[in-house]
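Worksheet: one structure, shown below.
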């Protein structure tokens, strides 16, 4: 099945026929809408819809894609993903750049009251301020947040809401590869994690997409204890594939922040930043 077909099948499975005016009851082999039901509600032929799922319908119109999205009740991010999959770029885009602008490094230096990272849209860690270095120290070497999440045993203890984080991480990677289908780094990461983690492989097959711009997470840090944070995941206008991620502790804020600052003042427990996998700022 094509990536487009997998995504549409996942979305069809989420829709209860009774919720959109179709008669319920009866035994269905699979949950959700059948292809012919979706085609009927979208005002297209079942044959054309089948070709679309199979990737054989060239250049579907905005009207067709909007009609399908309406029936499936897709949100803004999912609608964008549908368009990206239905109209793949003719030329593969490059991988996300790995260089951080000096201005961004200086900005991180000035952020002394909250942990902050600069990452790519595929979760490669490019830079971190001292508070972020000590906050994520349990996951050394921290080269890629997705890789650590699925392959580092320490991540299971570190992320208290790990299952939710794992689902959102895979959904974000789906979104990125929909936009940049030829990104070699992203494809290599997905291949690596699909081979090394059965959990990742199962989540990848589910085909969901999401874009988390903010939210909350909970951690269990060996030197700090359990704490929660609110995070902001900000796209950088001059570097659209880079993200500035900031974390503001919400549990016993002064105590958690003071403890992180104390740890940062004493320096990381591992002497060499190269070993830790994080690039020191400055």
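Annotations for the structure displayed:
- Scanning segment 4-59 for residues that are under 19 Å from residue 204 (Cβ atoms) and at pLDDT 85 or above gives 4, 5, 6, 7, 8, 9, 10, 11, 12, 13, 14, 53.
- Sole exception among (1) modelled with pLDDT under 95; (2) farther than 29 Å from residue 80 by Cα for residue 160, by number: (1)
- Per the conditions (1) within 27 Å of the chain's Cα centre (by Cα); (2) crowded, with 18+ Cβ neighbours inside 10 Å; (3) at pLDDT 90 or above, the sole criterion not satisfied by residue 263 is (1).
- For segment 139-148, the criterion of being touching a strand residue (DSSP E or B) at 6+ places or on another chain (Cβ under 8 Å), farther than 29 Å from residue 7 by Cβ and either at pLDDT below 95 or outside the structural domain of residue 237 (by TED's automatic domain parsing) (or both) is met by at least one residue.
- When restricted to residues that are in contact with a helix residue (DSSP H, G or I) (Cβ under 6 Å, 6 or more places away or on another chain) and assigned to a helix (DSSP H, G or I), segment 136-155 contains 9.
- Residue in segment 249-259 that is assigned to a strand (DSSP E or B), at pLDDT 95 or above, in the same structural domain as residue 160 (by TED's automatic domain parsing) and surrounded by 18 or more Cβ atoms within 10 Å (Cβ to Cβ) present: no
- Residue 223 being over 25 Å from residue 100 (Cβ atoms), touching a helix residue (DSSP H, G or I) at 6+ places or on another chain (Cβ under 9 Å) and outside any helix (DSSP H, G or I): yes
- Qualifying position, being touching a strand residue (DSSP E or B) at 6+ places or on another chain (Cβ under 8 Å) and outside the structural domain of residue 211 (by TED's automatic domain parsing), among 115, 97: 97
The values are calculated or read from the model by the stated rules, or taken from the named source; none is laboratory data. Just so we're clear, the structure is a prediction, and the values are computed from it rather than from any experiment. For neighbour counting, all protein chains shown are included, and Cβ atoms are generated from backbone atoms with ideal geometry for every residue, glycine included.
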